[in-house]
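Shown next, in structure tokens, is the structure this report addresses.
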Amino acid sequence: MARRLNLPLCPVLPAHQCPVPGPLYRVLLAYKESPVEEVRSHFSRRVGALFSAFFAEHLACATTAIGGGIDLVLPVPSSSRRGAAPLERAEGLAHAAVSALAPEARWLPSVLRRAGGDIGHMRPNAGAFAVPPSLRAAVHGSRALLLDDIYVSGSRAQSAAAALRLCGATTVLIVPLGRVLRPEKFSAHAAFAGSGSGAGHRTRCVVGQFAAAKE
């Protein structure tokens, strides 16, 4: 993937293992896919609470990985949905993320928008997202935290991170709530899943554990 982006991959700090199928995977699908609004709202609050708990415990890990204080916090935009990304609409996430991270951190989802480049599995595209001209000054020289819900191959998240770096972001750290594991298909996933305590449990705190994982 790094060759496609013509950039090194950004570090990834997954909050939880997410075996498929599993309870966390069901939460991360339901909060954006359920046809029932009350169900989406319920699991949306759950997503916000899980992120909040992770940051409360692992703020030091995030700041170490990103190289200092966090300036910008934003969700990875959707590659196919119109309008706000599902994480942008997650109830309480904006407040929880910023209050848990640093007083100077800014929740700024408008920093990235979908552009014309295609994204596919293991096929990231540095032109898939863009920073609006009016917000380029906010990105330049910043340390940005990209929040994602489900991290599979990382193409979408790494494409978004590349757009920020090409606009001058100093460092970008990707924090997905659930890193999808398919241990029945991939030996690397099986080894990592064996290090945890089962579906939905927190991963070991190892920055970049999956940054170069291949599926």
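Read the figures in this text as sums done on the coordinates, not as results from a lab. What you are looking at is a predicted structure, and each value in this text was computed from that prediction instead of being measured. Note: ideal-geometry Cβ built from the backbone for every residue, glycine included; neighbour counts use all protein chains shown.
Distance between the pseudo-spin-label points of HIS121 and GLU33 (7 Å out from Cα toward the beta carbon): 1.4 nm. Across region 66-76, coupling constants 3J(HN,Hα) worked out from phi with the 6.51/-1.76/1.60 Karplus curve, θ = phi - 60°, read 8, x, x, x, 8, 8, 10, 10, 7, x, 5 Hz, and Gly and Pro carry x. Distance between the C-alpha centres of region 143-168 and region 3-19: 8 Å, rounded to the whole angstrom.
What shape does region 2-193 have by the C-alpha gyration tensor, where a ≥ b ≥ c are the square roots of the eigenvalues, rounded means a/c under 1.5, and otherwise prolate means a/b greater than b/c and oblate the rest?
Values: a/c = 1.32, a/b = 1.18, b/c = 1.13.
Rounded, because the longest to shortest axis ratio a/c is under 1.5.
Derived scalar couplings between HN and Hα for region 46-53 equal 5, 4, x, 5, 5, 4, 4, 5 Hz in order, rounded to whole Hz, by the Karplus curve 6.51 cos²θ - 1.76 cosθ + 1.60 (θ = phi - 60°), x for Gly and Pro.
Close amide H contacts of VAL73 (hydrogens built in the peptide plane, cut-off under 5 Å, sequence separation of 5 or more or a different chain): ARG106, TRP107, LEU108, LEU145.
Scanning residues 5 or more positions from ASP149 or on other chains, those with amide H under 5 Å from its amide H are LEU177, with H placed 1.01 Å from N in the peptide plane.
Applying both filters, DSSP loop and at most 13 other Cβ atoms within 10 Å, to the GluC sites (Glu not before Pro) of region 87-180 gives GLU104.
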